[in-house]
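The values are calculated or read from the model by the stated rules, or taken from the named source; none is laboratory data. Just so it is clear, the model here is predicted, and its values are computed rather than measured. When we count neighbours, we look across all protein chains shown, and the Cβ atoms used for this are built from the backbone with ideal geometry, even at glycine.
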Amino acid sequence: MESTGKTALVIGGGPAGIEAAVKIGQAGHDVILVERESVLGGRLNLLAGTFPRNEDTSAMLANSLRLIEESGKVVVKTGTTVVGGQRDGEGFRVSLKQTADDTVADVNVDAVVIATGFDYFDLSAYGEYGYGTYNGVVSAVEFEGMLKGWRQLGYRQNIPKAIAFFKCVGSRDRSKGYPYCSKICCMYTAKQAAMVKELSPTTACYVFYMDIRAAGKGYEEFVRRAIEDKKVRYVRGRPAKVIPDAGRLLIRAEDTLMGNPIEIRVDMIVLAGAAVARKETVELAKMFGAKTDEYGFLEDDGMSPVRSADKVFFAGGSGFPVDIPGAREQGAAAAAEVIALFSR
């Protein structure tokens, strides 16, 4: 396919960025896809599965990489960061730095798509839960890696006998500065607990929650199956404290539905931390004149849901926490905007 003479820069090689790059490339435009890690995929490389269809993320990523190659229009630059960017005539002049040797090269592009994803809240701020102090207290991201090992590599003998999941650790907490709901935690917590029960039916799983937000096709049914079919016990209430107890972890909480204080002993606690904006996203917004909200997530300009400034678009978790299907849909939407721009 011949070049159209237009080039888009896509920053971030996760599900949203890959989808945007593929769609723009399939339309015949040149794409530079920049990823700071050594491989593409973002969190797809970490996940043991998806919700609600429990898809194989390795197969999903392999298919996306195949589409990148088949387009013939996408230049992939892994181990690369954007260290400078400014408007230059009708487009942008952008400086890209290779992590391996610190070399910097400038490129000229006609549009930018920011798909840098999100980070997680520092869980050590909740000292009462013992993250970073007590053995057996892990983040949801760390636990996802354990699940992947148990599921794919057959290490099922390592599954603890009792696991508790704490939702909204940082989210919806004004004292920590993140009063918003992080949107995806309810679903991935249900997925993780259900997967544990599939791998080890005798393991007791407890989910401590404030309420359940399952807004998506098949999401409510997915959570109900975890509760009713997998026998995951949901306890309404925010845990007050975790105490080491003879090699186990004692949870003190209140079951607000029953109105009773409770104590539960488990072997592992999984913390679903608040999703927060990446510092990288805020820096890129300043470079390209994009808008951000008070928390550092990218905002639209009121003209398009995926445009933050003239010729600057965004997709995925850089705008707000989003699940994988949503990230891919936003990547496709950003690509459609770029294609329309290049067609004028």
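Suppose the filter is small (Gly, Ala, Ser), surrounded by fewer than 20 Cβ atoms within 10 Å (Cβ to Cβ), more than 30 Å from residue 337 (Cα to Cα) and not assigned by TED's automatic domain parsing to the domain that holds residue 196; does residue 105 pass it?
Working: small (Gly, Ala, Ser): yes; surrounded by fewer than 20 Cβ atoms within 10 Å (Cβ to Cβ): yes; more than 30 Å from residue 337 (Cα to Cα): no; not assigned by TED's automatic domain parsing to the domain that holds residue 196: yes.
No; evaluated as a whole, the condition is false for this residue.
Among the residues making up region 131-149, those that are surrounded by fewer than 16 Cβ atoms within 10 Å (Cβ to Cβ) and either closer than 30 Å to residue 310 by Cβ or within 16 Å of the chain's Cα centre (by Cα) (or both) are 142, 145.
What residue, among those in region 173-203 that are within 16 Å of residue 150 (Cα to Cα) and small (Gly, Ala, Ser), is surrounded by the fewest Cβ atoms within 10 Å (Cβ to Cβ)?
Of region 173-203, the ones within 16 Å of residue 150 (Cα to Cα) are 191-203.
Within this subset, residues satisfying the condition of being small (Gly, Ala, Ser) are 193-194, 200.
Numbers: 193: 26, 194: 23, 200: 18.
Looking at residues that are within 16 Å of residue 150 (Cα to Cα) and small (Gly, Ala, Ser), I get 200.
Within region 293-326, being assigned to a helix (DSSP H, G or I) and modelled with pLDDT of 95 or more holds for 316, 317, 318. Applying the criterion of being among the hydroxyl-bearing types (Ser, Thr, Tyr) and surrounded by fewer than 20 Cβ atoms within 10 Å (Cβ to Cβ) to the residues of region 116-130, the residue that is modelled with the highest pLDDT is 120. Picking from 253, 240, 334, which residue would you name as being modelled with pLDDT of 95 or more and among the hydrophobic types (A, V, I, L, M, F, W, C)? Only one candidate qualifies: 334. You will find that of 206, 234, the residue that is surrounded by fewer than 20 Cβ atoms within 10 Å (Cβ to Cβ), assigned to a strand (DSSP E or B) and of a type in the set (Phe, Trp, Tyr) is 234 and no other. When restricted to residues that are outside any strand (DSSP E or B) and either of a type in the set (A, V, I, L, M, F, W, C) or touching an Asp or Glu at 6+ places or on another chain (Cβ under 7 Å) (or both), region 250-287 contains 8. Given the options 329, 294, name the one that is within 26 Å of residue 210 (Cβ to Cβ) and out of contact with any helix residue (DSSP H, G or I) (no Cβ under 7 Å at 6 or more places or on another chain). Matching residue, one of 329, 294: 294.
Within region 288-310, the only residue that satisfies the criterion of being under 18 Å from the mean Cα position of the chain (by Cα) and among the acidic types (Asp, Glu) is 299.
Just the residues that are surrounded by fewer than 18 Cβ atoms within 10 Å (Cβ to Cβ) and either closer than 20 Å to residue 142 by Cβ or not polar (S, T, N, Q) (or both), please, taken from region 61-76. Answer for region 61-76, where residues must be surrounded by fewer than 18 Cβ atoms within 10 Å (Cβ to Cβ) and either closer than 20 Å to residue 142 by Cβ or not polar (S, T, N, Q) (or both): 62, 65, 66, 67, 69, 70, 72, 75.
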